[in-house]
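This report refers to the structure that appears directly beneath it.
Here, each number is a calculation from the coordinates, and none is a lab measurement. Remember, predicted model here, so these are calculated numbers, not experimental data. Because the Cβ atoms are built from the backbone with ideal geometry, glycine has one as well, and the counts that use them run over all protein chains shown.
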């Protein structure tokens, strides 16, 4: 899987595809995607950087959708719990999931130059982490892997090293 968010793509299609995937998963699971949750997902899909809860709350408030922090936090909790978004621990912020409805182990890639954030996926059980866990008798249920570095756009702007 390529790092979704760094590659050039049709951004409008990215948003439309993400919403359609979330709507399909919600229908399959009997979940609701009311206006506030949908708008928060649209905000996340519309950016390829992490958004903090208060930035999301400001946007909701500007649209008359709520002014109190629980409004944003409840929507974000729903999106994360149901696999439509990921929490970026390093930034205390959130991004839209690139593989909604699919079981995967995301790796969050954070550009320290421009702040772009992208997601790729891995299978930790198949790599060094899985081997180390197995050697310790540990079974991995969930991973949170975040890496900071330079995105392709910023690396290209810097020129060859």
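Based on Cα contacts under 8 Å between residues 6+ apart, segment 44-161 shows a relative contact order of 23 percent.
Quick check on segment 20-161: of the DSSP beta bridges with both residues there, what percent are antiparallel, nearest 5%?
Working: 12 of 17 bridges.
Just about 70 percent of them are antiparallel.
Computed from the Cα positions only, the extents of the chain along the three principal axes stand at 50, 44, 28 Å, in decreasing order. Computed over segment 9-107, relative contact order equals 29 percent, with contacts defined as Cα pairs under 8 Å that lie 6+ residues apart. The slack between residue 99 and residue 113, meaning 0.36 nm per residue of separation minus the straight C-alpha distance, is 2.5 nm.
Based on the mean of other beta carbon atoms within 10 Å per residue, what is the order of 132-144, 40-52, 18-30, 114-126, most packed first? Walk me through the intermediate numbers first.
On the way: 132-144: 10.2, 40-52: 20.8, 18-30: 14.9, 114-126: 17.2.
Those peptides, ordered most packed to least, come out 40-52, 114-126, 18-30, 132-144.
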